[in-house]
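Quick one: structure below, then a few questions.
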Amino acid sequence: MNLKTSITFLFLIASGFSTLAQPYVSDLGRFEVDQVKGCSPLTVNVTIRPPFVCDGANPCDMDFENDNSFQSLIFTHTYTQPGTYTLRILFQTSGFDQITVVVTPNTQPSFDIYTCGGNETQVKVTDTNYNQYVINYNDGSPAIVVPSGSLAKDNHTFSSSGNKTITVRGRNLNADDNCNPMNQNVNALATLPVPAITQLTVLDDASITLNFNNQANILYKLQIATNSTNFQQLQDIYNISTVTVNNLRTDDNFYCFRLGAFDPCNNITAFSALICSANFDLTTLNNLNRLTWATSSTGISDYTITKSNSPPLAALSSATSFDDTNISCGTDYCYQLTSNYANGSQSISLQKCGTAISTTQPTAAENISAIVAQNNNSVEIQWTQDPSFTAVAYTVQKTGVTVGTSPTTSFTDNEYTTDAGSCYTISYADVCGNKSMSSIPACPMFLSAMLQSDNVINLTWTSYAGWKNGVDHYVLEKFNEQGLLLSSFNTNLATTFVDDTEDFVNQVYLYRVSAFPTEIGIVNSISNTVTVIKEPNLFHPSAFTPNSDGLNDTFKVFGQFTAQVEFKIFNRWGELLFLTTDLNLGWDGTYKGNSMPEGTYVFRAKLTDLAGRTSDRSGTILLLRKGN
């Protein structure tokens, strides 16, 4: 008999437990039962004790559950529900006798199995509902009985590694051994594997979560050290793969952890590599976000910093700080440090957030374009700005006076007039309250036109100077009165143009100039629009010879852009000799069929041109009658 069997045998003797059924006698000794206690369902058999008789000739009535449900000559009953019952029997000749029956819940006992090295396991019963527990290792070895309480545990060595099944059932003293067992599987191991903490995550300023690669049924010891590697026992870990450690000060300290696989059979612990949190901090400086951290560098291969809305920053092998200069003033940034260990584990810091600050004066707005509306009553100003600065609002000034603000890089001045010689400057404040210098003045191009007596048009405009890299070329556009483009002229960098194009159809012209920037991506600037109306000039000979020779026989006037005409001829005394509204008709030198004498006559013409303007023209004509 080995030591474990001897201890078990002595426990059975001391406990007075017998696996053989023993009779339990009723209060008056008239009957006995084979069980008075057990798990549900519990079957109780009744035996009548001599000299008492219970048969057909001397019937007796049984009330098993004390509910006055009497049955005659029934000697077996099964209790299905837990409870305390009074079994009563009514003997016709001698009256009642009774016994108490206790039925307990059929609870499967809870127990833990701890894997040890050398294919050994330890069973620890955590249940306390029973007086005793029977442990069966299902490998041919005898069952082991342990008492309830702190001694409810047993060590057992299997003959081989692999999956095993352990059964534990509970039982009570002086009770039926009919309670249901609980089965658990365990993997017997020759050697306990060294554990690893795969990930450490700082949740907030007071707690850290650890993830493990734990195996079932191995008892682990979690240890902690504050700002060092002097470890202290923190807690036991069993059959869980994650744990959260609270009541820390993660903003003031770094914490190191290690996990030990504990062999309770031999009191041996194999510890993992350590993993540590990082005391991670962010300081916002002028144009700089400074990141610093403190931790134990043992086992760390490099660090990775993640930044909100950005790719991860470069891996850092041995640094304890990093300066991020790729920031924009007034922008919120969040950072997190990941310590990458050589064994693949990761430690993730608490996220730190801050708003970037700067005292740097923003660069001035530039590349200002000015687009005058076609009706000349407004001008739109557009500009560009260094994207390194985030503007809150732009201020637009005209000739030193603020005319408005804009949240975007565009503004329309509805009070613009072409004769005011207006120039605009732009300034802005960034999100950190820093104010830029004013831009260079940008003056909308002013286009003017002069009509010569021969209807040749001279056009002149001011140079445009709102762009950083200047003007590449100018294009003058010419439209008819209906807005149809007639011609466009590339003047290169010239700011004058002479339009001497002959056109006897269009009397009204609209001109405007577009400046094209040298730099790609900038909006063209457009001048005011000028309207030029050509004069309806009247042409006529100074003399005519109405002698029927087919040459210069009639006096006619010729005009450009004439819509209507009223043409009259008078003699020297003011007498009307001729009237027509048709320019194609001329005066033949007669009046009422009579030829007028040679001499000087007066003509008057009232013209309405294509532009709707009315004008009066007059002059003299010499009538000659040569060759008669």
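The values are calculated or read from the model by the stated rules, or taken from the named source; none is laboratory data. Quick caveat, the model's predicted, so the values are computed rather than measured. Methodologically, a virtual Cβ is constructed for each residue, glycine included, from the backbone with ideal geometry; neighbour enumeration extends over all protein chains shown.
Tell me, which residue of the stretch 500-516 that is surrounded by fewer than 19 Cβ atoms within 10 Å (Cβ to Cβ) and at pLDDT 95 or above is farthest from residue 478 (Cα to Cα)?
Going through the qualifying residues, I end up with 516.
When only residues in the stretch 412-452 that are under 32 Å from the mean Cα position of the chain (by Cα) and among the hydrophobic types (A, V, I, L, M, F, W, C) count, which is modelled with the highest pLDDT?
429
Something else now. Out of (1) more than 30 Å from residue 326 (Cβ to Cβ); (2) in contact (Cβ under 8 Å) with a residue 12 or more places away in the chain, what's the single condition that is false for residue 232?
(2) is the only condition that residue 232 fails.
In the stretch 532-548, is there at least one residue being part of a strand (DSSP E or B) and under 60 Å from the mean Cα position of the chain (by Cα)?
Checked against the condition, which is being part of a strand (DSSP E or B) and under 60 Å from the mean Cα position of the chain (by Cα), the stretch 532-548 yields at least one hit.
Taking the stretch 558-588 as the search range and keeping residues that are in a loop (DSSP other than H, G, I, E, B) and touching a Pro at 6+ places or on another chain (Cβ under 7 Å), which one is farthest from residue 617 (Cα to Cα)?
Going through the qualifying residues, I end up with 588.
Please tell me if residue 285 is closer than 30 Å to residue 184 by Cα and in a strand (DSSP E or B).
No: the conditions fail for residue 285.
Among the residues of the stretch 59-78, is any free of Cβ contacts under 8 Å to residues at least 40 places away in the same chain, under 30 Å from residue 217 (Cα atoms), surrounded by 13 or more Cβ atoms within 10 Å (Cβ to Cβ) and of a type outside the set (Lys, Arg)?
No.
I'm checking my understanding of the structure. Among residues of the stretch 85-124 that are polar (S, T, N, Q) and not in a strand (DSSP E or B), which one is farthest from the chain's Cα centre (by Cα)?
93
Here is a follow-up. What's the number of the only condition in (1) surrounded by fewer than 18 Cβ atoms within 10 Å (Cβ to Cβ); (2) in contact with a Ser or Thr (Cβ under 6 Å, 6 or more places away or on another chain); (3) not in a strand (DSSP E or B) that residue 416 fails to meet?
Condition (1) is where residue 416 drops out.
Something else now. Please work out if residue 470 is closer than 18 Å to residue 525 by Cβ, buried (at least 17 other Cβ atoms within 10 Å of the Cβ), touching a residue at least 40 places away in the same chain (Cβ under 8 Å) and not aromatic (Phe, Trp, Tyr).
Spelling it out, it is not the case that residue 470 is closer than 18 Å to residue 525 by Cβ, buried (at least 17 other Cβ atoms within 10 Å of the Cβ), touching a residue at least 40 places away in the same chain (Cβ under 8 Å) and not aromatic (Phe, Trp, Tyr).
Give all pairs with beta carbons closer than 8 Å in which a residue from the stretch 343-359 that is charged (D, E, K, R) meets a residue that is assigned to a strand (DSSP E or B); count only pairs at least 6 apart in sequence or on separate chains.
Matching pairs, first to second residue: 352/280; 352/281; 352/282; 352/291; 352/334; 352/335; 352/336.
Now for a separate question. Take the stretch 261-282 and flag every residue that is buried (at least 21 other Cβ atoms within 10 Å of the Cβ) and either assigned to a loop (DSSP other than H, G, I, E, B) or out of contact with any Ser or Thr (no Cβ under 8 Å at 6 or more places or on another chain) (or both). Quick ask: steps written out before the conclusion?
So in the stretch 261-282, the residues buried (at least 21 other Cβ atoms within 10 Å of the Cβ) come out as 261-263, 272, 275-280.
Answer for the stretch 261-282, where residues must be buried (at least 21 other Cβ atoms within 10 Å of the Cβ) and either assigned to a loop (DSSP other than H, G, I, E, B) or out of contact with any Ser or Thr (no Cβ under 8 Å at 6 or more places or on another chain) (or both): 272, 277, 278.
Still on this structure, please answer the following. Return yes or no: is residue 39 at pLDDT 95 or above, of a type outside the set (Ser, Thr, Tyr) and either in the same structural domain as residue 24 (by TED's automatic domain parsing) or at positive phi (or both)? Full working, then the answer.
Values: at pLDDT 95 or above: yes; of a type outside the set (Ser, Thr, Tyr): yes; either in the same structural domain as residue 24 (by TED's automatic domain parsing) or at positive phi (or both): yes.
Judged against the criteria, residue 39 is a match.
Continuing with the same structure: For residue 564, all conditions in the list (1) surrounded by fewer than 18 Cβ atoms within 10 Å (Cβ to Cβ); (2) assigned by TED's automatic domain parsing to the domain that holds residue 587; (3) at positive phi hold save one; what is the number of the exception?
Against the list (1) surrounded by fewer than 18 Cβ atoms within 10 Å (Cβ to Cβ); (2) assigned by TED's automatic domain parsing to the domain that holds residue 587; (3) at positive phi, residue 564 comes up short only on (3).
Also, quick follow-up: Out of the stretch 583-622, which residues are among the charged types (D, E, K, R) and either over 18 Å from residue 558 (Cα atoms) or free of Cβ contacts under 8 Å to residues at least 12 places away in the same chain (or both)?
If the condition is that a residue be among the charged types (D, E, K, R) and either over 18 Å from residue 558 (Cα atoms) or free of Cβ contacts under 8 Å to residues at least 12 places away in the same chain (or both), then 592, 598 are the ones that fit.
Each row is one residue, and each column tells you yes or no for (1) over 17 Å from residue 280 (Cα atoms); (2) under 25 Å from the mean Cα position of the chain (by Cα); (3) not β-branched (Val, Ile, Thr).
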site	(1), (2), (3)
325	yes, yes, no
334	no, yes, yes
355	no, yes, no
359	yes, no, no
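Please name all residue pairs, on different chains or six or more residues apart, with Cβ atoms under 6 Å, provided the first residue is in the stretch 188-200 and is more than 30 Å from residue 279 (Cβ to Cβ) and the second residue is of a type in the set (D, E, K, R) and surrounded by fewer than 22 Cβ atoms within 10 Å (Cβ to Cβ).
188/164
Anything in the stretch 209-229 that is buried (at least 18 other Cβ atoms within 10 Å of the Cβ), closer than 20 Å to residue 263 by Cβ and free of Cβ contacts under 8 Å to residues at least 60 places away in the same chain? List them, or say none.
Within the stretch 209-229, 212, 214, 220, 221, 222, 223 qualify.
Looking at 463, 427, which one is part of a loop (DSSP other than H, G, I, E, B) and farther than 18 Å from residue 376 by Cβ?
On the way: 427 fails: part of a loop (DSSP other than H, G, I, E, B).
Going through 463, 427 in turn, the sole match is 463.
If we keep just the residues of the stretch 128-180 that are among the small types (Gly, Ala, Ser) and farther than 28 Å from residue 190 by Cβ, which is modelled with the lowest pLDDT?
Among them, the one singled out is 150.
Check whether at least one residue in the stretch 114-126 is touching a Phe, Trp or Tyr at 6+ places or on another chain (Cβ under 9 Å), among the hydroxyl-bearing types (Ser, Thr, Tyr) and buried (at least 17 other Cβ atoms within 10 Å of the Cβ), and report yes or no.
yes
Would you pick out the residues in the stretch 25-39 that are buried (at least 18 other Cβ atoms within 10 Å of the Cβ) and assigned to a loop (DSSP other than H, G, I, E, B)?
26, 30, 35, 36
I'd like the residue in the stretch 589-616 that is at pLDDT below 85 and either among the hydrophobic types (A, V, I, L, M, F, W, C) or assigned to a strand (DSSP E or B) (or both) and, out of all such residues, is surrounded by the fewest Cβ atoms within 10 Å (Cβ to Cβ).
Among them, the one singled out is 616.
Moving to a separate point now. Restricting to the stretch 341-369, count the residues that are surrounded by 18 or more Cβ atoms within 10 Å (Cβ to Cβ), of a type outside the set (D, E, K, R) and under 18 Å from residue 200 (Cβ atoms).
The total comes to 6.
Search the stretch 10-36 for residues being of a type in the set (A, V, I, L, M) and modelled with pLDDT of 95 or more, and hand back the single one that is farthest from residue 101 (Cα to Cα). Give the derivation first.
Within the stretch 10-36, the subset of a type in the set (A, V, I, L, M) is 10, 12-14, 20-21, 25, 28, 33, 36.
The next check asks that each one be modelled with pLDDT of 95 or more; those that pass are 25, 28, 33, 36.
Values: 25: 12, 28: 16, 33: 9, 36: 4 Å.
Among those that are of a type in the set (A, V, I, L, M) and modelled with pLDDT of 95 or more, it is 28.
Further, regarding this structure: Given the criteria farther than 18 Å from residue 281 by Cα and crowded, with 16+ Cβ neighbours inside 10 Å, does residue 300 qualify? Break it down stepwise before answering.
Values: farther than 18 Å from residue 281 by Cα: yes; crowded, with 16+ Cβ neighbours inside 10 Å: yes.
Here the answer is yes, as residue 300 does meet what is asked.
Is at least one residue of the stretch 509-531 in contact (Cβ under 8 Å) with a residue 60 or more places away in the chain, part of a strand (DSSP E or B) and of a type in the set (Lys, Arg)?
Yes, there is a match, as at least one residue in the stretch 509-531 is in contact (Cβ under 8 Å) with a residue 60 or more places away in the chain, part of a strand (DSSP E or B) and of a type in the set (Lys, Arg).
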